[in-house]
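Asks: Just passing along the structure, written as structure tokens.
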Amino acid sequence: MGFRALFFFAAIFFSFSTTIIYSAYAEGEAEAEVGSGLVIDFYKDTCPQAEDIIKEQVKLLYKRHKNTAFSWLRNIFHDCAVQSCDASLLLDSTRRDLSEKETDRSFGMRNFRYLDTIKEAVERECPGVVSCADILVLSARDGVVALGGPQIPLKTGRRDGRRSRADVIEEHLPDHNESMSVVLERFAKMGIDTPGVVALLGAHSVGRTHCVKLVQRLYPEVDPALNPDHVEHMLYKCPDPIPDPKAVQYVRNDRGTPMIFDNNYYRNILDNKGLLLVDHQLAVDKRTKPYVKKMAKSQNYFFKEFARALTTLSENNPLTGDKGEIRRQCNVANKHH
């Protein structure tokens, strides 16, 4: 999906009074290990400080580099949507396998080195215990909170894959130019229903989109579906029909509250101010529009559905038990370390 929530001060954020805790997801989950093999607080005996360390590192990194929170959120989508939440996204290229990070679908993704920072902090406390896959998922959870979004209890116990899944990305990862039918179908295979898809796309509430991803709506002719008032701003930010991918040419996903994870995205797309084609389709398709309207009216409803969908995404076909490994370094499988 071009769900390029490459996400971008401070004074706004430090009121977390709107943060909602969805503790309902935690109730009884500790016993529900039979399905996925994941449980709430998996490391309570082997590394009881793990989640607190990750949370603290996310906070520290966010204070220094605001866009890290957007990266964490994008990471969980790009990793978990491609067959398994196994941190395959983080692996560097080898002689045999191309890294997922180097594919076209990972355009604009960054801040991977800061996941290494979190991993190092956890390793100092509990060497060889906490997986990169769990760090990737929990950093996304804590990044949402840093942006003013809901607290979501997520299970842990994932193990790390040993190989890149770059060769199957196109089969699994929805793209921002695909039809809504394809987008809904791809998510349905992960167990995410239509309101869940609408909620996950609410990640476009924060961050920015590179001009490379949206110029087809501006050139050679402006997409008539776009709000004329917004077109002027988009053309100002993206003056070139063929933008330089390395240039700093972006449009904020939400000009009103670009650093806050909120439901303003839905009001924007109903007003034809969505940047990507998928944003526009979400607001007009008869299958998704009712949920867009409901989320535009109720932030609580948006947060509830987002929490539910992110939970499902985070539990997509994880490696557990004796499958996979616990990487010592997130960008290299142990056998190559």
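Asks: I want to confirm something. Restricting to segment 151-202 and keeping residues that are open to solvent by 10 Å² or more (accessible area, probe 1.4 Å) and acidic (Asp, Glu), which single residue is farthest from Asp41 (Cα to Cα)?
Replies: Filtering segment 151-202 for residues that are open to solvent by 10 Å² or more (accessible area, probe 1.4 Å) and acidic (Asp, Glu), the one farthest from Asp41 (Cα to Cα) comes out as Glu178.
Asks: Give me the pairs: first residue in segment 161-185 and over 15 Å from Gln281 (Cα atoms), second residue modelled with pLDDT under 90 and in a loop (DSSP other than H, G, I, E, B), beta-carbon distance under 7 Å, and six or more apart or on different chains, which are they?
Replies: From residues that are over 15 Å from Gln281 (Cα atoms), the pairs are Ser164/Ser99; Ala166/Ser99; Ala166/Thr103; Ile169/Thr103.
Asks: Pro241: assigned to a loop (DSSP other than H, G, I, E, B), modelled with pLDDT under 95 and over 26 Å from Ser84 (Cα atoms), yes or no?
Replies: Values: assigned to a loop (DSSP other than H, G, I, E, B): yes; modelled with pLDDT under 95: yes; over 26 Å from Ser84 (Cα atoms): yes.
Judged against the criteria, Pro241 is a match.
Asks: Being among the β-branched types (Val, Ile, Thr), open to solvent by less than 40 Å² (accessible area, probe 1.4 Å) and either modelled with pLDDT of 95 or more or in contact with a Cys (Cβ under 9 Å, 6 or more places away or on another chain) (or both) is the requirement here; does Val292 meet it?
Replies: yes
Asks: Just to be sure, is Gln49 of a type in the set (S, T, N, Q) and more than 17 Å from the chain's Cα centre (by Cα)?
Replies: Yes.
Asks: Follow-up question, since we're still on this one. What helices (runs of 4 or more DSSP H), lying completely within segment 99-189, carry at least 3 residues that are of a type outside the set (Ser, Thr, Tyr) and in contact with a Pro (Cβ under 8 Å, 6 or more places away or on another chain)? Break it down into steps so the answer makes sense when it comes.
Replies: Working: elements: 112-125, 132-146, 169-172, 180-188.
Filter on segment 99-189 gives 180-188.
Asks: Here are Arg287, Arg328, Arg255, Arg308: which of them is farther than 26 Å from Lys189 by Cα and assigned by the TED database to the domain that holds Thr209?
Replies: Within the list Arg287, Arg328, Arg255, Arg308, the selection yields Arg255.
Asks: Looking only at segment 276-285, decide whether some residue is touching a strand residue (DSSP E or B) at 6+ places or on another chain (Cβ under 8 Å), buried (at least 19 other Cβ atoms within 10 Å of the Cβ) and of a type in the set (Gly, Ala, Ser).
Replies: no
Asks: Among the residues of segment 256-305, which ones are basic (Lys, Arg) and within 20 Å of the chain's Cα centre (by Cα)?
Replies: Scanning segment 256-305 gives a single hit, Lys304.
Asks: Right, something else. Any idea which of Gly149, Gly196 is modelled with pLDDT of 95 or more, within 26 Å of Val39 (Cβ to Cβ) and not assigned by the TED database to the domain that holds Gly256?
Replies: One residue alone meets the criteria, Gly149.
Residue-by-condition table, conditions (1) under 16 Å from Tyr114 (Cα atoms); (2) modelled with pLDDT under 95; (3) among the basic types (Lys, Arg):
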| site | (1), (2), (3) |
| --- | --- |
| Phe7 | yes, yes, no |
| Ala32 | no, yes, no |
| Gly35 | no, yes, no |
| Asp41 | no, no, no |
| Tyr62 | yes, yes, no |
| His65 | yes, yes, no |
| Asn75 | yes, yes, no |
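The values are calculated or read from the model by the stated rules, or taken from the named source; none is laboratory data. It should be emphasised that the depicted structure is a prediction, and the values quoted were computed from it without experimental measurement. With ideal geometry, Cβ positions are generated from the backbone for all residues, glycine too; neighbour counts draw on all protein chains shown. What goes into the accessible areas is simple: the full protein's heavy atoms, side chains included, and nothing from ligands, DNA or RNA. Shrake-Rupley method; radii C 1.70, N 1.55, O 1.52, S 1.80 Å.
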